[in-house]
Structure formats: structure tokens, C-alpha cells
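Scroll down for the structure; my scribbles are underneath it.
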């Protein structure tokens with residue numbers, strides 16, 4: 001039986017990587033594998049990544065990788081899920097304009113630095129080649145946008161923007177010009193573009209473009225729920 005067939009059988013009967021105990025050796029193994037996947041994506045891209053490469057780079061035996069993750073696709077998906085478990089928090093400058101500008105400048109800076117940009121760029125490329133990677137990427141950014149919703153909720157509390165502003169819609173609109181240039185037109189991004197995108201999104205929010213019948217709120221664990229917006 002080939003390694004791939006053996007792996008498929010083992011994965012069907014075993015728990016997913018994310019369902020295992022978060023501490024101890026399992027956590028260290030998962031982190032080592034994640035780091036190897038990130039390095040491999042940065043160096044070779046999704047098409048060039050292999051289980052053999054991850055095994056050599058991480059020090060985790062190939063049989064273990066096949067048993068827990070199944071294939072390269074499973075490795076990439078779990079790396080994205082683990083990346084989403086970090087402690088990153090959105091800016092808190094005291095104003096929505098400042099928060100949006102800081103957030104988008106951070107995004108622009110990260111993609112201008114080749115060392116930082118390689119892995120997320122490869123993740124996005126992988127999403128075009130793998131439905132599972134695409135689902136994981138959507139989940140990653142949805143969770144990131146939910147965290148950024150805190151900026152919008154603070155702005156509503158400060159009466160900077162209308163009550164009922166849809167946080168997700170505002171953050172996506174602010175980010176869109178950067179990702180358009182980065183991944184569609186392949187144009188450079190800089191702080192000037194980041195500030196322009198932030199100011200445009202804020203102007204739209206002030207005009208009520210993102211208000212609607214429901215708005216997202218954040219629970220204590222950072223997840224987003226939607227509750228009816230007040231009409232008063």
C-alpha cells in the first residue's frame with residue numbers, strides 16, 4: 001500500500017489535529033509542523049510543498065504527518081488554523097481614523113516586506129488551488145475581521161459613526177483597495193494608499209453606507225454575533 005493510501009485510511013479513523021490536547025508534546029509537534037509548512041510555502045509555494053519536505057524540516061516522521069494531516073492540503077489547512085490562534089489585536093489609537101490608518105499601514109508594511117509577505121501570499125495562492133485551503137483562508141480572515149470589529153464598536157460608542165454601522169462591511173471596504181493592488185493589479189502599496197483607503201472607508205461610514213438592520217457584536221472569546229441595531 002502506498003504512503004498516500006495508508007494515510008487516507010489512518011486519517012479517516014483519527015481525530016483532526018485541532019481536536020487534540022492543546023498542550024504538551026502534541027502542541028510542540030503541531031507548532032514545528034506549522035513552522036515547516038510556512039517555510040515551505042514561502043520557499044516553494046503550494047505546488048512545490050511536499051510531506052517529505054515538511055518531515056525533514058520539522059523533524060516529525062513522515063508516517064506521523066500522513067496519519068495526523070493526511071496530505072499537503074491538510075498540513076496547509078492546519079497551519080492556517082493555528083495561525084488564527086495567535087494573540088494579535090487591532091490598533092487602539094483613540095479614534096477610528098487613527099485605528100483604520102494604523103491597521104492598513106500594518107497590512108501594507110507586512111506585504112511590502114518579502115520575508116513577511118511570502119507565507120500569506122502563498123496561503124492565498126493555495127486557496128485558488130485547494131477548496132479546503134480556501135475554506136480555511138475564509139475562516140482565518142473572518143476571525144481577523146471579527147477582532148477588527150472592536151475598532152468599529154469603540155467608534156460607535158464614541159459617537160464617531162452612526163449606530164448600526166456594520167463592522168465587517170466597513171473593515172472589508174477599507175481593506176479592499178490594498179488587496180486589489182496586491183493580488184489583482186499587482187501594483188505597489190504604501191502608506192499613502194493605506195491612509196487614502198482608511199479615509200475613504202471612514203467617509204462612507206459617516207455617510208451611513210454601512211448601516212443596516214443588524215450589526216456585529218463581539219463576545220468575550222472574540223467571536224462575532226449579530227444583534228438587531230437600535231432604531232432610536
Item to check | residue 129-residue 180 pseudo-label distance in nm [points 7 Å out on the Cα-to-Cβ vector] | outcome: 2.8 nm
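How high is the FRET efficiency between residue 115 and residue 163 when r is their beta carbon distance and R₀ equals 25 Å, given to the nearest 0.05?
Values: r = 42 Å, r/R0 = 1.67.
Once rounded, the FRET efficiency stands at 0.05.
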Next on the checklist: How far apart, in nanometres, would the label points at residue 61 and residue 207 be if each is projected 7 angstrom from Cα along the Cα-to-Cβ direction?
Outcome noted: 6.3 nm
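With a 10 Å radius around each residue's Cβ, average the other Cβ atoms per peptide and rank 103-115, 143-155, highest first.
Working: 103-115: 16.2, 143-155: 19.6.
By packing density, highest mean first, the sequence is 143-155, 103-115.
If I stretch the segment between residue 196 and residue 143 completely, what's the gain in nm (0.36 nm per residue apart, minus their alpha carbon distance), one decimal? Please list the in-between numbers first.
Values: separation 53, 0.36 × 53 = 19.08 nm, distance 2.46 nm.
The span from residue 196 to residue 143 would gain 16.6 nm if fully extended.
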Item to check | Listed peptides 184-197, 117-130 by packing density, highest first (mean Cβ within 10 Å) | outcome: 117-130, 184-197
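Which whole-number percent is the relative contact order of region 67-158 (Cα, under 8 Å, 6+ apart)? Provide the component values of the computation, followed by the final result.
Working: 58 pairs, mean separation 36.1, N = 92.
This gives 39 percent for region 67-158.
Read the figures in this text as sums done on the coordinates, not as results from a lab. Given the structure is predicted, the values throughout are model-derived calculations rather than measurements. FYI the Cβ positions are ideal-geometry reconstructions off the backbone, even for glycines, and counts take in every protein chain you see.
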